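What follows is one structure encoded as structure tokens, with my remarks underneath.
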Amino acid sequence: LVPFISMLFLTLLLFFLALFPGAFNCCMKISDEIPKGILRRVKRFELQKADGLCHLEAVILYIESRKFCVSPRIKKVKKWMKKNKHKIPRKKNHSRKQRRMKIIKKKEKKQ
């Protein structure tokens with residue numbers, strides 16, 4: 001009976017992780033201050049919304065292999081985000097077929 005329960009728990013855990021891969025990537029605490037030196041070294045940032053799995057609104061700053069969770073209401077962070085919009089990671093949704101269709105449509109317009 002014990003091996004069955006252990007196997008069932010493990011299966012449910014793996015199922016949960018497959019359905020909600022970002023569940024353990026949420027910021028649980030945020031800082032209300034951030035030094036300018038850290039902002040200068042940020043490679044990229046993400047916005048965490050307070051919906052779905054994550055229950056806290058935050059800005060996630062990535063510096064090398066570390067991440068910092070800060071409040072999006074900090075004036076210094078707001079100003080920095082406006083200036084560094086290019087550091088938001090872009091989603092790569094374009095498949096080869098979609099690009100091919102765009103090229104074909106452009107050629108049709110030229111003719």
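Some points to look at:
- When the range 46-62 is filtered for residues that are surrounded by 15 or more Cβ atoms within 10 Å (Cβ to Cβ) and among the hydrophobic types (A, V, I, L, M, F, W, C), the ones remaining, listed by number, are CYS54, ALA58, VAL59, ILE60, LEU61.
- Scanning the range 20-45 for residues that are within 12 Å of LYS87 (Cβ to Cβ) and buried (at least 16 other Cβ atoms within 10 Å of the Cβ) yields LEU39, VAL42, PHE45.
- Note on the range 77-111: residues that are over 21 Å from LYS49 (Cβ atoms) and at pLDDT 80 or above amount to 1.
The values are calculated or read from the model by the stated rules, or taken from the named source; none is laboratory data. A quick note: this is a predicted structure, and the numbers were derived from the prediction, not measured. Ideal geometry is used to build each Cβ from the backbone, glycine not excepted, and the neighbour counts take in all protein chains shown.
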